[in-house]
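Participant: Structure provided below as structure tokens; questions to follow.
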């Protein structure tokens, strides 16, 4: 006697994935460039970030290029790694609030305070160089773009090409960053400066090639 047939089980149809609301698309599209900008300003590689977050290099690359939609699971470790609040990654200030929420970060002993929140284009920062800041021996470097710096207090030493300048409070300098340059706080106290960087000016520094013959 044949066994009775069991009823066929049909797997449930998965619910369709809904697209993000139209008003959220620009916000999500801006996350990738913002992540890349933060990583490059820290001088970190994708491999460095992968080690600190546990997120694969391929996933990080797709996030930065916009090929992967950001999720809370991915953004939380990235916010911790970059030492910024989560809303800075998403770029979601309070509605109608024009104030810039300052989130200082420290790199190589220098405190950076962002004064603008627009991604891309000109970026404004306040930098605080502590007393005794010593980046090591004079080592001029270059990158594309222009840089503008205004000394609020203290003083800054700027080596620009063949010039060795001391910038006092109330003085500003502007220069082509393709010229080898290097600066530090000679003391005795802390130095506070305002800086403006363009998109090219935010790239990592590369060593200037010496034109001297051995």
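The values are calculated or read from the model by the stated rules, or taken from the named source; none is laboratory data. Small disclaimer: the values here were computed from a predicted structure and weren't measured. Glycine also receives a Cβ, built like all others from the backbone with ideal geometry; neighbour counts cover every protein chain displayed.
Participant: For the range 39-47, check the following and say yes or no: at least one residue is at pLDDT below 75, closer than 29 Å to residue 135 by Cβ, part of a loop (DSSP other than H, G, I, E, B) and in contact with a strand residue (DSSP E or B) (Cβ under 8 Å, 6 or more places away or on another chain). Show your work before the answer.
Facilitator: Taking the range 39-47 first, the residues at pLDDT below 75 are none.
Scanning the range 39-47, I find no residue that is at pLDDT below 75, closer than 29 Å to residue 135 by Cβ, part of a loop (DSSP other than H, G, I, E, B) and in contact with a strand residue (DSSP E or B) (Cβ under 8 Å, 6 or more places away or on another chain), so the answer is no.
Participant: Filter the range 181-192 for residues that are within 21 Å of residue 144 (Cβ to Cβ) and at pLDDT 90 or above and give the result. Steps first, answer last, please.
Facilitator: Just the residues of the range 181-192 that are within 21 Å of residue 144 (Cβ to Cβ), to begin with: 181-183.
Of everything in the range 181-192, just one residue is within 21 Å of residue 144 (Cβ to Cβ) and at pLDDT 90 or above, namely 181.
Participant: Name the single residue, out of those in the range 174-191 being surrounded by 18 or more Cβ atoms within 10 Å (Cβ to Cβ) and over 20 Å from the mean Cα position of the chain (by Cα), that is nearest to residue 127 (Cα to Cα).
Facilitator: Kept after step one, since they are surrounded by 18 or more Cβ atoms within 10 Å (Cβ to Cβ), are these residues of the range 174-191: 177, 180-183, 185, 191.
This time we only want the ones that are over 20 Å from the mean Cα position of the chain (by Cα), so: 180-183, 185, 191.
On the way: 180: 21, 181: 17, 182: 15, 183: 13, 185: 11, 191: 8 Å.
Residue satisfying both the conditions and the ranking: 191.
Participant: Oh, and also: Among (1) modelled with pLDDT of 90 or more; (2) closer than 12 Å to residue 191 by Cα; (3) surrounded by 14 or more Cβ atoms within 10 Å (Cβ to Cβ), there is one condition residue 168 misses while meeting the rest; what is its number?
Facilitator: The one condition residue 168 does not meet is (3).
Participant: Would you confirm, using the coordinates I've provided, whether residue 84 is at pLDDT below 85, part of a loop (DSSP other than H, G, I, E, B) and surrounded by 14 or more Cβ atoms within 10 Å (Cβ to Cβ)?
Facilitator: Details: at pLDDT below 85: yes; part of a loop (DSSP other than H, G, I, E, B): yes; surrounded by 14 or more Cβ atoms within 10 Å (Cβ to Cβ): yes.
The answer is yes for residue 84.
Participant: Among residues belonging to the range 123-150 that are in a loop (DSSP other than H, G, I, E, B) and within 11 Å of residue 110 (Cβ to Cβ), point out the one that is modelled with the lowest pLDDT.
Facilitator: At the first step, the residues of the range 123-150 found to be in a loop (DSSP other than H, G, I, E, B) are 130-140, 143-145.
Next, from what is left, pick out any that are within 11 Å of residue 110 (Cβ to Cβ): 130, 133, 135.
On the way: 130: 89, 133: 76, 135: 73.
Out of the qualifying residues, it is 135.
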